[in-house]
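The values are calculated or read from the model by the stated rules, or taken from the named source; none is laboratory data. Quantities reported herein were computed from a predicted structural model and do not represent experimental measurements. Positions of Cβ are generated from backbone atoms using ideal geometry, with glycine treated the same way; all protein chains shown enter the neighbour counts. Side chains are part of the model used for accessible areas, which takes the heavy atoms of the whole protein and leaves out ligands, DNA and RNA. Shrake-Rupley method; radii C 1.70, N 1.55, O 1.52, S 1.80 Å.
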Amino acid sequence: MAVEHIKCGKADTERNEDDRAVRTQVEAALADIETRGDAAVREMSARFDGYEPALYRLSQSEIDALIGTLDAREIEDIRFAQAQVRNFAEIQRASMRDVEVETLPGVTLGHKHIPVQAVGCYVPGGKFPMVASAHMSVLTASVAGVPRIAAATPPFKGAPNAAVIAAMHWGGAHEIYVMGGIQAVGALALGTETIAPVDMLVGPGNAFVAEAKRQLYGRVGIDLFAGPTETLLIADETVDAELCATDLLGQAEHGFNSPAILLTTSRKLALATLSEIDRLLGIMPTAATAGASWRDYGAVIVCDTHEEMLAAAEEIASEHVQVMTDRDDWYLENMTAYGALFLGPRTNVANGDKVIGTNHTLPTKKAGRYTGGLWVGKFLKTHTYQRITTDEAAADIGRYCSRLSMLEGFAGHAEQGNVRVRRHGGQTVPYASAAQ
């Protein structure tokens, strides 16, 4: 058995150097925002986006005017996509129930799902207006019941993009800011003179946005580390090169550093896909972007068996995994490390990105090993509570509490149990005693 790398992307050492450069720039930018607030945000917006409005937050009249520029077909399409995302998010929310149960006579335990109180939703849009990202973050937060949703998106060609703003507004955003990159997520997380800080940041973005979220994590919550788009195709001889090449390049066009990998048991398919990619890059309107990603981050790997492909896929832990084989359900049953699966040749990643209803904000850089993607549950905090309702239960639990506390040397903890035993158990228990 063997694994053959027919095409490789940049070496890890080169990628790590790129990451270090981004880290340094982001750290300086966040420190500037924290120190100078709105002034720093304004300077960064002018420098990076060429955008200097009087106010970055849109008024209701500005929102209405932008929505008014959309035609009926655009409005219907956005509404349709949001209906799919809302429906699945509501189904997910309904699966998360508060619980309360009497675990022992007189002892009641429970938990409640409480929404995060203020969320900042970043919607990318400098190169492409990412309308769908507004559904995934803003609308999903709204279904979760978040009481304050602040959404930010960069200007597109020097102005707010009407479709993105409409999706944010219809999704349930309470505040909409036209600002991008580090300055957007930094302002939302740290707060400025005009922007109240949020409790959580969500949404995908470029390397700078992803790094800013990483550095801000802890000060605020984040959904996940959502870096550049990643796509993995697992394919065998049951599909053709045109399908594989189209699905690889269709995601590589996201940016100049979007990994796209073909994993296959067919060397014939691998070689044919390489040829088809060359053909498509000659006619794609976004070939400059997709071609750069494919050149530096694309890979083609040939394996002897499906078991080898599974092992390789688990190691790669890609954000999107498209499975087109004679045993798609086998991969569904056995894969554990990925963002989302797209099963069968009728399915494609773009469906998940735009309309089908599942959330497209997914873990990258192998984070699928320990987390799933953004969903309604990410906006909910599960808080426990407990209640003792009888004297007998207070005394019984108190005795266990006392003995276990003294086992660890915590006299004060033990006394918390002892005082309940004295009051409710009819016994005299010395301070910090482990008596029965």
### Listed residue (Leu109, His254, Thr238) projecting farthest to the positive dipole end of the chain, Cβ model
Leu109
### Query
Considering only the chain, what is the antiparallel percent among its DSSP beta bridges, to the nearest 5?
35
### Query
In 5 Å bins starting at 0, how do the alpha-carbon pair distances of the stretch 359-436 split up by percent?
3, 15, 17, 12, 8, 4, 5, 8, 10, 10, 5, 2, 0
### Summary
The answer for the chain, accessible area per residue at 1.4 Å probe in Å², is 46
### Task
Using label points projected 7 Å from each Cα along Cα→Cβ, tell me how many nm separate Glu307 and Arg214, to one decimal.
3.6
### Query
Toward the positive end of the charge dipole of the chain, about the Cα centre and with charges on Cβ (Lys, Arg +1; Asp, Glu -1), which of Ala290, Val146, Tyr370 goes farthest?
Val146
### Message
Less than 21 Å apart at the alpha-carbon level, and either on another chain or at least 8 residues along: which lysines does that give for Lys157?
### Response
Lys127
### Message
Based on C-alpha coordinates, I'd like the Rg and Dmax of the stretch 92-135, in Å.
### Response
19.3, 61
### Task
Taking all protein chains together and a probe of 1.4 Å, list Cys8, Cys401, Cys121 from the most accessible to the least accessible.
Cys8, Cys401, Cys121
#### Entry: the stretch 201-227 and the stretch 324-347: distance between their alpha carbon centers, rounded to Å
28
### Query
Charges only on Cβ, +1 for Lys and Arg, -1 for Asp and Glu: so what's the dipole of the chain about the Cα centre, in debye to the nearest 20?
1300
### Message
Which one, Ala72, Ala212, Ala29, has the greatest fluctuation when you compute a Gaussian network model over the chain with C-alpha springs under 10 angstrom?
### Response
Ala72
### Message
Only bridges whose two residues both fall in the stretch 58-180 count here: according to DSSP, what percent of them are antiparallel, nearest 5?
### Response
40
### Message
Per DSSP helix of 4 or more residues, -39500 (n - 2.57); summed, then divided by the residues of the chain. What does that give at 222 nm, rounded to the nearest 500?
### Response
-14000 deg cm²/dmol
### Task
Over the chain, with every protein chain in place, what whole percent of the accessible area is carbon and sulfur at 1.4 Å, could you tell me?
53
### Query
Based on the alpha-carbon gyration tensor of the stretch 110-174 and its eigenvalue square roots a ≥ b ≥ c, which shape applies: rounded if a/c is under 1.5, prolate if not and a/b is larger than b/c, or oblate?
prolate
### Query
In debye, nearest 20: dipole of the stretch 36-195 around its Cα centre with unit charges on the Cβ of K, R (+) and D, E (-)?
240
### Cα-centre dipole for the stretch 114-218 with unit charges at Cβ (Lys and Arg positive, Asp and Glu negative), debye to 20
220
## Note on the structure
Looking only at lysines whose Cα falls under 18 Å of Lys10's and that sit 8 or more positions away or on another chain, we get Lys365, Lys366
### Query
Over all directions, what mean area does the Cα convex hull of the chain project, stated in square nanometres?
26.9
### Summary
Note on the stretch 64-174: alpha-carbon gyration tensor, axes a ≥ b ≥ c; rule is a/c under 1.5 for rounded, else prolate if a/b larger than b/c, else oblate; result prolate
### Task
Please state, rounded to one decimal and in Å, the Kirkwood hydrodynamic radius that the stretch 1-148 gives when every pair of distinct Cα atoms enters the mean of 1/r.
20.9
### Query
What does the charge count near Thr194 come to, summing +1 for each Lys or Arg and -1 for each Asp or Glu among other residues with Cβ under 9 Å from its Cβ?
-1
### Query
Excluding same-chain residues fewer than 8 positions from Lys112, which lysines have a Cα within less than 27 Å of its Cα?
Lys378, Lys381
